[in-house]
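**Student:** Dumping the structure here so I can ask a few things about it.
The values are calculated or read from the model by the stated rules, or taken from the named source; none is laboratory data. Bear in mind the structure is a predicted one, so any value in this text is a computation, not a measurement. Heads up, the Cβs are rebuilt from the backbone with ideal geometry, glycines too, and the neighbour counts pull from every protein chain shown.
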Amino acid sequence: MTNTVLSENQISEIASFNGIKVYQIKTNKFKTNSINIFFHDNLSRENASKNALLPAVLRRGSVNFPTIQDISLYLEELYGAAFDCGVTKKGENQIVQFYLDFISDKYANGKADLTNKAFDLLFEIITQPVTENGVFKKEYMEQEAKKLKELIESRVNDKVQYGVDKCLEVMCENEPFGIFDYGNIEDINKIDAANLHDHYKYFLETLPVYVFISGDIVDEQINYIVDKLKKINRGNIKTLPQVSVEKHVSEVREVTEHMNVNQAKLSIGFRTNTDPKSEEYYKLMVYNSILGGGLHSKLFQNVREKNAMAYYVFSRLEKFKGLMVISGGIEISNKDKAYDVIMKQLEDMKNGVISDYEFEASIKSIETGINSLKDSQLQVVDFNLSQIIAGTQDSPDDIIEKVKKVTRQDVIDVAKKIEMDTVYFLTSK
Amino acid sequence: MDIKTIEYKNIDEVMHTYEHKSGLKCFVIPKKGYSKKFATFATHYGSINNEFIVPEETDVTRVPDGIAHFLEHKLFEQKDGSVMDKFSQLGSNPNAYTSFAQTAYLFSCTDKFEDNFSLLLDFVQNPYITEESVEKEKGIIGQEIRMYDDNANWRVFFNLLDAFYEKNPVKIDIAGSIESISKINKDILYKCYNTFYHPSNMIIVVVGDVDAAKVFEQIEKTITVSASKPEIKRIFPDESDKLNKSYVEQNLAVSMPLFQMGYKDVGFASKGMDCLMRETAVKILLDMIMGKSSKLYNELYNEGLINNSFEFDYSIEENYAYSAFGGESKDPLKVKERLLEEISSLRDKGLSMETYERIRRANKGRLVKQLNSVERISHNFVSVYFKEINLFDYMEVYDKITFEYVNKVFEEHFSADRLAMSVIKPT
C-alpha cells in the first residue's frame, strides 16, 4: 500500500482526430486497466439490426485470431483478460461497444506489457475481420444472425426486465426510441455477408468514435494507442440528429399482454418533457428519487411496506429521451388496487405532499449513488459517455452540488410537466 | 485489544482481524481511495438449517422452509419503525441476503460510516417481531416467491438440485413456498433468532477506506454479550451418493429450452484448504473441458447447440457439492451426449498440461480483478468464511495446486452416473 492514490476521476481528452475522440481516465486505484471503444449511431430501422449483428460477427475472429477459440486462448495467455462487445441504447443513440480489461503488469510478473498486447487484439478484432471473397465469412454471419434472433426471442424469459422495456417500446412505437437495440427478426432475415460488409464500411468509416483508456497507463502506451487509431481509414463523419424530449399526451394508452405467468407486472410510462442538458434535469432526478428511487421512496413505502402488494416496485428515468417508467410485480388480482396506490403517490408529488424525510433522504441517496460510481472503472466510463451524449460537462461533484440546490418547489414544478402516456400490464392467460 | 494484521504483498492487500470476547470474529480490509464503505454482519445460518438441536436442549427442532429468509426480512423492523428509514436518512443503502448457508446484513455508504455501522450493529442484535408484522410480511414475501416462480433461470437451477438430492434441504427454494411460510409465526422466528444469532456464530466484515482500530473499538463498545455459546447441533438428512433423478423437466413461458446439468460431487472435504483445492481444481477442469478456449465449446457453439448464455460453475458447502453448467439450447440432450463423448475422449487421451497451466494462470488473474470491488470482496469473504477459508487463501491455492491433483479430481468428479440434467421447455 505504498502507492499514493491519484485524485478521483481525472478524465482528460488526449486526442481528437477523424471523428475519433480519445479520453484517458488516469487512476491507480484499481488492479486492472481497461480500454473501451464506442461507435455511436442514431437508432433507425435501417441500421439497428446491422449494428447489432456486426459486433457479433467481428468477435468470431480476426486475421491472426480466426476463431473464438483462438481469441479466448490468447485472452487466457494475457492473464485472464476479458473481452466483450455488444450494443446498448442511450436515448435514441445506438452504441456499439468493444471492451477489454486486463490486470496491471505489476500483478502479471512485472514485464508482461499487457496494455499494448490487449489493445492490439481489440484493434485487430475491430479492423481486420475474417473475410472470404472480400466479404464476411458466410458461416460466421449466418450463425450469428441465428443467435441474434434467438436473443431477441429470449427477451420474454426475464419477465422483470421485459415488463419495463415493453412498456417504453409500446409507448414510443412511432419514434426511433421504440426500436429494440438488438434489432428485429424481419430485418435480420434480410442481412447477408455482402450487405453486412458494406455496412461495416459505413460503420468503420463514418460513425463517431469515443475511446476511453482507464487505469495506470503511461504516456508511451497512450501514444501507441493513438497512433494506431490514426491508421483507421475514415471518411465524412456522420452527424447524429438531435433527440426531442418534448411530447404531450392527448390520451393515455392501455396495453395488456397475456403470458403463462404466476405474477403480473404493472408498468406505467411517462413523458417528463425535461431536457437532459437543462438545469431542470437535476430537479427531475430529485423528483424520481422521492417517487420511486429507493427504500425511502413513496412507491416502496406505500406499495410494498404499507400495503404489502409487491416485493419490488420502483420508478426509473430514461435520461436521454426524457422518459420515466414505474414498474412493479404484483398479484394478478391486485391490478386496480396497486394502480390506485401508485396514482395517489403521483398526486401527492404534484401537490407537494412530501415529508422532510422523503425529501432529504432522496437527495442523500443521489449523492451516495454518484459518489459510489467512482469505485467502478466501468461506471466511471459510462458516466463520462453519458455526459457526452447528453451534451453536458458535469463532473460527479458538479451533479451533487446541483442536486443539493433543488428545492421542494422545484420538485412540484417538475411534477407538473410530467405526463402519463402508457399503462402496460403483463398478466396470465 | 488484540488486533492481528496480515499483509498480502503480492496483491497489495492488507487484512486486520480481531476476536471479540463473545466469540464474534471481526475483519477489516482497507481499500485506500475508495468512496464506498461496505460493512456486513453475517450469521452462519441459511436456508438449509431447517433442523437443529438448540444448545442445552435435547429435542430436535424442525422449522418451516424459508424461515431463515423470513427472519432476514423481519429483522429490519424495529420498535420505532423500519431501520431502513434510518439508513435512508443517512443516505446509505442497507440490504440483506439469505443463501443456503448464511444470512448477511449489510450497508454501503460514502459518508457517516460510524453512524451507519452503529445502526447495523444495533438492529441485527435487537429483533422486534410482532404477529401483525409477520402477517404483513407474508404478502411481500409471497410476491417474491411468485417472482421466482416465473424466473426460468432460477427454476432450472433448483430443479437440478432436486435431481441431485433426495432429501438434502439445499433443494428447497431459499424463500420457501407460499404454503410453508404460512406456518411461520413470531415464536418460531424468535427461536431461530436466539439459536443462530449469537455473536459466536457470526462475523463482521468491513471493506473500504476505514481505520481498522476505530472499527474494532466501536464493536468492542457496542457488543455487550461476553460469553461464547455452546455449539448448535445442525441436523442434515443422510443422503446417498446416487442421483435422486437423472432428468427433471418443467414448462414455463420461455422462447426456447433452457438447461442446467452437472455432476453431483461425493467424497469431498467441506472445510479448509482441502475444500478450496477441490473447488479450484474443478473450476480449472470446467474451463479446460467447456470454457471458450475449449474444443467442445467451439463445436457446440458453431453447431448452434449453445449460445452466449452458456455458463458453468462449481459449488461446495458442508453437505453438498456439485458442478452446474448450462444455458439456452434447442437440443439440451444433444449437448449432454456431446459432453459425455468429450469427457470420455479426454479420459483416453489424458488432459493437456499446457492447457492446464494456461488456465491456472488466467484464473489467478481473474481473481486479482475481483479485488477491484468492495462488494465482491465482502460477498466472497462471507461466502467462504464459514467453510474456514479466508478469501486471500485463494491466491495461495493457485500456487499450490498441481497438475497431478487436478487429474485426480478429474477422475473423481466427472462420473457419468452422477450427471443429472434439468430442462425448462416453452409452454
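**Student:** Would you mind telling me which numbered condition in (1) part of a loop (DSSP other than H, G, I, E, B); (2) free of Cβ contacts under 8 Å to residues at least 40 places away in the same chain; (3) surrounded by fewer than 23 Cβ atoms within 10 Å (Cβ to Cβ) B:Ser35 fails?
**Tutor:** (2)
**Student:** Then there is this: Given the conditions (1) under 20 Å from A:Asn184 (Cα atoms); (2) crowded, with 22+ Cβ neighbours inside 10 Å; (3) away from chain B (no Cβ under 14 Å), and given that A:Phe38 satisfies all but one, which numbered condition is not satisfied?
**Tutor:** Unmet condition: (1).
**Student:** Criterion first (farther than 29 Å from B:Asn153 by Cα and not in a loop (DSSP other than H, G, I, E, B)) does B:Glu396 satisfy it?
**Tutor:** Spelling it out, B:Glu396 is indeed farther than 29 Å from B:Asn153 by Cα and not in a loop (DSSP other than H, G, I, E, B).
**Student:** Follow-up question, since we're still on this one. Go through segment A:340-399 and report how many residues are free of Cβ contacts under 8 Å to residues at least 40 places away in the same chain, more than 14 Å from chain B (Cβ to nearest Cβ) and under 27 Å from A:Lys298 (Cα atoms).
**Tutor:** 5
**Student:** Quick one: is B:Ala362 buried (at least 20 other Cβ atoms within 10 Å of the Cβ), outside any strand (DSSP E or B) and in the same structural domain as B:Ser323 (by TED's automatic domain parsing)?
**Tutor:** Yes; evaluated as a whole, the condition is true for this residue.
**Student:** Related question: Can you confirm whether B:Leu305 is in a loop (DSSP other than H, G, I, E, B), touching a residue at least 40 places away in the same chain (Cβ under 8 Å), over 30 Å from B:Ile48 (Cβ atoms) and more than 10 Å from chain A (Cβ to nearest Cβ)?
**Tutor:** no
**Student:** Looking at (1) under 29 Å from A:Ile363 (Cβ atoms); (2) more than 14 Å from every other protein chain (Cβ to nearest Cβ); (3) in contact with a strand residue (DSSP E or B) (Cβ under 9 Å, 6 or more places away or on another chain); (4) not small (Gly, Ala, Ser), which is the one condition that is false for B:His44?
**Tutor:** All conditions pass for B:His44, except number (1).
**Student:** If you go through segment A:286-316, how many residues are among the hydrophobic types (A, V, I, L, M, F, W, C), surrounded by fewer than 23 Cβ atoms within 10 Å (Cβ to Cβ) and away from every other protein chain (no Cβ under 14 Å)?
**Tutor:** 0
**Student:** A further question follows. Got at least one residue in segment B:239-254 being of a type outside the set (S, T, N, Q), over 21 Å from the mean Cα position of the chain (by Cα), under 28 Å from A:Glu142 (Cα atoms) and within 14 Å of another protein chain (Cβ to nearest Cβ)?
**Tutor:** Yes, that holds for at least one residue.
**Student:** What's the number of the condition B:Phe27 fails, among (1) within 14 Å of chain A (Cβ to nearest Cβ); (2) not in a loop (DSSP other than H, G, I, E, B)?
**Tutor:** (1)
**Student:** Going through segment B:38-54 one residue at a time, which ones are assigned to a loop (DSSP other than H, G, I, E, B) and either modelled with pLDDT of 95 or more or buried (at least 22 other Cβ atoms within 10 Å of the Cβ) (or both)?
**Tutor:** Correct list: B:His44, B:Tyr45, B:Gly46, B:Ser47, B:Ile48, B:Asn49, B:Asn50.
**Student:** With A:Lys50, A:Lys111, A:Lys90, A:Lys21 as the choices, which residue is over 22 Å from the mean Cα position of the chain (by Cα) and either in the same structural domain as A:Cys172 (by TED's automatic domain parsing) or at negative phi (or both)?
**Tutor:** The match here is A:Lys111.
**Student:** Any idea which of (1) within 18 Å of the chain's Cα centre (by Cα); (2) more than 17 Å from A:Val245 (Cα to Cα); (3) more than 14 Å from every other protein chain (Cβ to nearest Cβ) is the one A:Leu168 doesn't satisfy?
**Tutor:** Going through the list (1) within 18 Å of the chain's Cα centre (by Cα); (2) more than 17 Å from A:Val245 (Cα to Cα); (3) more than 14 Å from every other protein chain (Cβ to nearest Cβ), A:Leu168 breaks only (2).
**Student:** Looking at B:Lys387, B:Lys330, B:Lys425, which is the one that is in contact with a strand residue (DSSP E or B) (Cβ under 8 Å, 6 or more places away or on another chain), surrounded by fewer than 21 Cβ atoms within 10 Å (Cβ to Cβ) and within 14 Å of another protein chain (Cβ to nearest Cβ)?
**Tutor:** B:Lys425
**Student:** Further question: Could you list, ordered by first residue, the pairs with Cβ atoms under 7 Å in which the first is in segment B:134-151 and more than 7 Å from chain A (Cβ to nearest Cβ) and the second is surrounded by fewer than 17 Cβ atoms within 10 Å (Cβ to Cβ) and of a type in the set (Lys, Arg), at least 6 apart or interchain?
**Tutor:** Matching pairs, first to second residue: B:Val134/B:Lys186.
**Student:** Ok, one more. Failed condition for B:Ser108, given (1) touching a Lys or Arg at 6+ places or on another chain (Cβ under 6 Å); (2) more than 14 Å from chain A (Cβ to nearest Cβ); (3) small (Gly, Ala, Ser), with all others met?
**Tutor:** (2)
**Student:** Okay, moving on. For B:Ile140, state whether it is surrounded by fewer than 21 Cβ atoms within 10 Å (Cβ to Cβ), within 30 Å of A:Tyr311 (Cβ to Cβ) and either assigned by TED's automatic domain parsing to the domain that holds B:Ala324 or touching a Leu at 6+ places or on another chain (Cβ under 9 Å) (or both).
**Tutor:** no
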